[in-house]
1. Inspect region 288-296 for any residue being at pLDDT 80 or above, within 21 Å of Gln109 (Cβ to Cβ) and among the acidic types (Asp, Glu) and give the result as yes or no.
2. If you scan region 102-134, which residues turn out to be touching a strand residue (DSSP E or B) at 6+ places or on another chain (Cβ under 8 Å) and over 19 Å from Gln4 (Cα atoms)?
3. Does Val271 count as in contact with a helix residue (DSSP H, G or I) (Cβ under 9 Å, 6 or more places away or on another chain) and modelled with pLDDT under 90?
4. Give the residues of region 84-98 that are buried (at least 17 other Cβ atoms within 10 Å of the Cβ) and not hydrophobic (A, V, I, L, M, F, W, C), sorted by residue number.
5. Among the residues in region 151-163, are any outside the structural domain of Arg92 (by TED's automatic domain parsing), modelled with pLDDT of 85 or more and of a type in the set (D, E, K, R)?
Amino acid sequence: MSKQYLVRARLEWKWQFEDETAGSRLQRPWHVPLKFGKFTLDQSPNLEHHLADLGFIEPDALQGRNPDWEYPLSLLYIECCLDVPDKQHPQRYADEVLEQLEALFRLFQSGDIYLRRHEFMWSLEKGNPRLSLSFGNHPPKAEPAPTYDRSSYKLDDVRIGQFLDFFDSYWSILTKKQSPLNTAVFRFSNSYERRTVADRLLELVIALDALFGDNEGDSATHKIALRGASWVYPPGEARAKAFDTIKEFYSDRSKLVHGRRMESKYPVERVQQLEDYVRQAITKFLGEAKNGKPIATGRQLDEVLFLGKN
């Protein structure tokens, strides 16, 4: 048995302020609402209040209007109806689904983006929403607060259209329990939540290990770098560069585990490079699974990479 709930979440991203063709203005999509899968992307009725809080418009322009607290205080929000099994905590279940969608946004392209559940949820009985309050409330995750700067996330009409295609291709694969791919996706997305460069790096290294490792300890460094570089790039300079980069990062994993400061050795640009490698690798694994050729072990991967088996 299950109950149906209406869930809303605010979509936050680091805006692109400069439009290359139209001069200086905020880039934002207007062709909403958009439906994809069980989700709807729409403009929040609290958009102006959000912009006023950020200082982009004068509070007087609101003319004393209050926010509609049934919706997130944001530019855009996600809405979905979820069938929550009776034994599951509704808010925790909703967060798990939203985290999967958040991970897909992060896999689609680089840049700072996150999705946070609205404080209120509604149970749906015969199609009528009723505010759902429960004891032992499971609060939404806090906003990420990294000590380093992330790049902007380009989100205009063109990018949203491309994301919808990305969603259609990989959502059903992403939501299946396919370890170690799920472990890699979770760790990759979790790196966005980490406060320090070292913690961010550690999550990315664990994601690499989930994709390319064999639980062989220190002897796996060369193998993981070789598999990772060969998986992402064809033979050539790009593969050689990726091999060296992955090997160096992976070799430092013990320092990361013990909390060594790594900012001086690995500036944000280099960490971003590793993130891009992991993003490409995961997306390629998702593509193989979509094509009916999921790769679950290092042996399977080696057969594809080095023995030409499909």
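1. Within region 288-296, one or more residues are at pLDDT 80 or above, within 21 Å of Gln109 (Cβ to Cβ) and among the acidic types (Asp, Glu).
2. Correct list: Glu102, Phe105, Arg106, Gly111, Asp112, Ile113, Tyr114, Leu115, Arg116.
3. So Val271 fits the description; yes.
4. Within region 84-98, Pro90, Gln91, Tyr93, Asp95 qualify.
5. No, every residue in region 151-163 fails to be outside the structural domain of Arg92 (by TED's automatic domain parsing), modelled with pLDDT of 85 or more and of a type in the set (D, E, K, R).
So that you can scan it fast, the table gives a plain yes or no per residue for (1) aliphatic (A, V, I, L, M); (2) at pLDDT below 80:
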{"site": "Arg227", "(1), (2)": "no, no"}
{"site": "Glu237", "(1), (2)": "no, no"}
{"site": "Leu256", "(1), (2)": "yes, yes"}
{"site": "Tyr277", "(1), (2)": "no, no"}
{"site": "Asn310", "(1), (2)": "no, yes"}
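Conditions (1) of a type in the set (Val, Ile, Thr); (2) assigned to a loop (DSSP other than H, G, I, E, B); (3) at pLDDT below 90, marked per residue:
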residue: Leu115; (1), (2), (3): no, no, no
residue: His118; (1), (2), (3): no, no, no
residue: Ser123; (1), (2), (3): no, no, yes
residue: Arg130; (1), (2), (3): no, no, yes
residue: Ser134; (1), (2), (3): no, yes, yes
residue: Ala142; (1), (2), (3): no, yes, yes
residue: Tyr148; (1), (2), (3): no, yes, yes
residue: Asp165; (1), (2), (3): no, no, no
residue: Asp168; (1), (2), (3): no, no, no
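The values are calculated or read from the model by the stated rules, or taken from the named source; none is laboratory data. A quick note: this is a predicted structure, and the numbers were derived from the prediction, not measured. We place every Cβ from the backbone using ideal geometry, glycine too, and count neighbours over all the protein chains shown.
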